[in-house]
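Below is a structure I'd like to ask you about.
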Amino acid sequence: MNILILAYHRVLPKPSSAAVSADVFERQIAYLAKTGYRTIGTEELALFFSGKLMPHDKYAMLTFDDGWGDNLIWATPILRRYSTKAVLALNTGLLNAKGRSIRSDLTYEIIDSKKALEDAVYGRGARPFLNWNEILEMHNSGAWEIQAHGNSHFGCYSSFDKIKGFYPEKPHWTMEFALGEPPFPGAPKVSFKSILSNKRTVMSEDLKDSLRKASSNTERIKLCQEHQSPVKVLESDEEFEKRIEEDMTACRRTILETLGTETSSLFWPWGQYSDTSIRIAKKCGFKMLFTMEKDAVTEKTSPDMIPRIAAPATLAGFKKQLAIYSSNIFRKIRNLF
Ligand SMILES: [Zn+2]
């Protein structure tokens, strides 16, 4: 028995980055209903891990990361129309704490996902994110259950092996945090590691200085690659463990105090985790930990590393992913590549 867990972020009237259009989302949900899928929540998934979930051919779980206001406005009516359940993985640091009124499709300001995340994480406004009234409304709607996605959603530099471009051509919303200061022209964009899975770092001061003085990107690539220690680690093992424990506890406690529900599940920001972060998450009381490793949940899956499939933005792509991951043969072939 395979369970397919789909990872969404946003549902908006028109397709855009990190979003599925409401029209496509409705067709995806209709397709699940028509083809006999049952959508489950984390309680049923926990039953699966203890061997007690009632056998059924087709189980799917819909998950939404971060806490976007559009989840309430455009996804909720569709979920209710098809009696479908979904899990909202809430990053408690991204919430629109000051926004009080319940928004509608007429007043919701659609802001590009990257810009919105940048504004929210640096405290410059979180308008596209849900406020607690709205989360409460979703929690009470019967369509949603609320789980954890951490309290901070920053990333920092871990290595400079693969440079993807330079600021300002290649900005990224967590770049300011990773650098430890606002990005300057010539600051490299590389992959960021979540600070819930890795120690907090910044770029070393002398590398920053030489990147600022460099006259070309070729020179900057060379500077990054030849530097002995481009990344300065800011935390000891103990400090790292203490910080991530506080972060996960804050997320869990806030949800408990506001909604009165215990969270069983943690959805890692960017799907990133480490041995230490898994150990601390379990210490904080999380029973199921969700990654972004693309696979189906099977009898062999560990609840410490639950895979998810990023929801495609088209119906054809969606059908294809369901076909691949509902079959163990196709899954294994796919995972060879
Ligand atoms: Zn996220």
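Scan the stretch 118-140 for residues that are more than 16 Å from the ligand (Cβ to nearest atom) and of a type in the set (A, V, I, L, M, F, W, C) and jot them down.
At the first step, the residues of the stretch 118-140 found to be more than 16 Å from the ligand (Cβ to nearest atom) are 123-125, 127, 131-134, 136-140.
If the condition is that a residue be more than 16 Å from the ligand (Cβ to nearest atom) and of a type in the set (A, V, I, L, M, F, W, C), then TRP132, LEU136, MET138 are the ones that fit.
Residue by residue through the stretch 12-30, note down the ones that are among the aliphatic types (A, V, I, L, M) and within 10 Å of TRP74 (Cα to Cα). Don't jump to the end; show me each part of the working.
Initial filter on the stretch 12-30 (among the aliphatic types (A, V, I, L, M)): 12, 18-20, 22, 24, 29-30.
LEU12, ALA22 - these are the residues of the stretch 12-30 that are among the aliphatic types (A, V, I, L, M) and within 10 Å of TRP74 (Cα to Cα).
Only one residue in ASP247, ASP275 is closer than 23 Å to MET292 by Cα, among the acidic types (Asp, Glu) and within 16 Å of the ligand (Cβ to nearest atom), so which one is that?
Details: ASP275 fails: within 16 Å of the ligand (Cβ to nearest atom).
Residue meeting the stated conditions: ASP247.
Got a sec? Which of GLU257, GLU238, GLU226 is acidic (Asp, Glu) and within 24 Å of the chain's Cα centre (by Cα)?
Values: GLU238 fails: within 24 Å of the chain's Cα centre (by Cα); GLU226 fails: within 24 Å of the chain's Cα centre (by Cα).
Going through GLU257, GLU238, GLU226 in turn, the sole match is GLU257.
Which one of ALA120, ALA126, ALA75 is buried (at least 24 other Cβ atoms within 10 Å of the Cβ) and in contact with a Leu (Cβ under 7 Å, 6 or more places away or on another chain)?
On the way: ALA126 fails: buried (at least 24 other Cβ atoms within 10 Å of the Cβ); ALA75 fails: in contact with a Leu (Cβ under 7 Å, 6 or more places away or on another chain).
Criteria check complete, one pass: ALA120.
Name the residues in the stretch 296-310 that are in a loop (DSSP other than H, G, I, E, B) and not polar (S, T, N, Q), would you? Walk me through how you get there before you give the answer.
Restricting attention to the stretch 296-310, the residues satisfying the condition of being in a loop (DSSP other than H, G, I, E, B) are 296, 298-305, 307-308.
Selection gives ALA296, GLU299, LYS300, PRO303, ASP304, MET305, PRO307, ARG308.
If you don't mind, another one. For the stretch 152-163, name all the residues that are out of contact with any His (no Cβ under 9 Å at 6 or more places or on another chain) and either within 12 Å of the ligand (Cβ to nearest atom) or of a type in the set (D, E, K, R) (or both). Spell out the reasoning first.
Let us first name the residues in the stretch 152-163 that are out of contact with any His (no Cβ under 9 Å at 6 or more places or on another chain), namely 152-154, 156-159, 161-163.
The answer is SER152, HIS153, PHE154, ASP161, LYS162.
One line per residue, one yes/no per condition, for (1) touching a residue at least 40 places away in the same chain (Cβ under 8 Å); (2) assigned to a loop (DSSP other than H, G, I, E, B):
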| site | (1), (2) |
| --- | --- |
| GLU181 | no, yes |
| PRO185 | no, yes |
| LEU196 | yes, yes |
| VAL202 | yes, no |
| ARG220 | yes, no |
| GLN228 | no, yes |
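Go through (1) in a loop (DSSP other than H, G, I, E, B); (2) surrounded by fewer than 19 Cβ atoms within 10 Å (Cβ to Cβ); (3) within 16 Å of the ligand (Cβ to nearest atom) for LYS115 and report which single condition fails.
Only one criterion in (1) in a loop (DSSP other than H, G, I, E, B); (2) surrounded by fewer than 19 Cβ atoms within 10 Å (Cβ to Cβ); (3) within 16 Å of the ligand (Cβ to nearest atom) is unmet by LYS115, namely (1).
Then there's this: Restrict the check to the stretch 311-322 and report whether at least one residue is within 16 Å of ASN198 (Cα to Cα) and either assigned to a helix (DSSP H, G or I) or not basic (Lys, Arg) (or both). Can you show your working first?
Keep residues of the stretch 311-322 that are within 16 Å of ASN198 (Cα to Cα), which gives none.
Scanning the stretch 311-322, I find no residue that is within 16 Å of ASN198 (Cα to Cα) and either assigned to a helix (DSSP H, G or I) or not basic (Lys, Arg) (or both), so the answer is no.
Within the stretch 212-255, take every residue that is small (Gly, Ala, Ser) and loosely packed, with under 15 Cβ neighbours inside 10 Å and give me the one that is nearest to ILE278 (Cα to Cα).
Residues of the stretch 212-255 that are small (Gly, Ala, Ser), as a first pass: 214-216, 229, 236, 250.
Now narrow it down to the ones that are loosely packed, with under 15 Cβ neighbours inside 10 Å: 215-216, 229, 236.
Values: SER215: 43, SER216: 41, SER229: 27, SER236: 18 Å.
That would be SER236.
Just one of GLU293, GLU235, GLU262 is part of a loop (DSSP other than H, G, I, E, B) and within 16 Å of the ligand (Cβ to nearest atom); which is it?
Numbers: GLU235 fails: within 16 Å of the ligand (Cβ to nearest atom); GLU262 fails: within 16 Å of the ligand (Cβ to nearest atom).
On inspection, the qualifying residue turns out to be GLU293.
No value in this document is a laboratory result; all are computed from the given coordinates. Here the structure is a predicted model, which means the values were calculated and not measured. Here the Cβ is made from the backbone with ideal geometry for all residues, glycine too, and neighbour counts use every protein chain on show.
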